[in-house]
């Protein structure tokens, strides 16, 4: 069974970043889609194990966190966590 990572932003990344995410011999699927609303994030990441976003543009609200039923890791590009509902993330076992 593979591991799904949802990338919900459209910022250029280092050329080898997907290779780093996938590692050696790991079954990792990276899904890339620019999402600008809660519903778009949920639609894209509802079955993702991890999500990478820019919380300034894609706030990780309670609704979003509840909609990502498999997610256990949120990576927000940038500084701070004021756009991340920490209580909801903690309640759902998300790091």
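The residues listed here are 48, 14; of these, the one that is free of Cβ contacts under 8 Å to residues at least 12 places away in the same chain and either part of a loop (DSSP other than H, G, I, E, B) or touching a strand residue (DSSP E or B) at 6+ places or on another chain (Cβ under 6 Å) (or both) is 14. Only one entry in 27, 82 is exposed (fewer than 14 other Cβ atoms within 10 Å of the Cβ) and farther than 28 Å from residue 16 by Cβ, namely 82.
Considering the conditions (1) out of contact with any strand residue (DSSP E or B) (no Cβ under 6 Å at 6 or more places or on another chain); (2) not in a loop (DSSP other than H, G, I, E, B), residue 5 is excluded by exactly one of them, (1).
Yes/no matrix, rows are residues, columns are (1) surrounded by fewer than 16 Cβ atoms within 10 Å (Cβ to Cβ); (2) out of contact with any strand residue (DSSP E or B) (no Cβ under 8 Å at 6 or more places or on another chain); (3) modelled with pLDDT of 90 or more; (4) in a loop (DSSP other than H, G, I, E, B):
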position: 1; (1), (2), (3), (4): yes, yes, no, yes
position: 35; (1), (2), (3), (4): no, no, yes, yes
position: 39; (1), (2), (3), (4): yes, yes, yes, no
position: 66; (1), (2), (3), (4): yes, yes, yes, no
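For region 68-79, the tally of residues that are buried (at least 16 other Cβ atoms within 10 Å of the Cβ) and in a loop (DSSP other than H, G, I, E, B) stands at 2. One residue stands out in region 86-95 among those that are touching a residue at least 24 places away in the same chain (Cβ under 8 Å) and closer than 19 Å to residue 7 by Cα: the one that is surrounded by the most Cβ atoms within 10 Å (Cβ to Cβ), namely 89.
The values are calculated or read from the model by the stated rules, or taken from the named source; none is laboratory data. From a predicted model like this one, the values you see are computed outputs, not experimental measurements. Cβ sites come from the backbone with ideal geometry, for glycine too, and all protein chains shown count toward neighbours.
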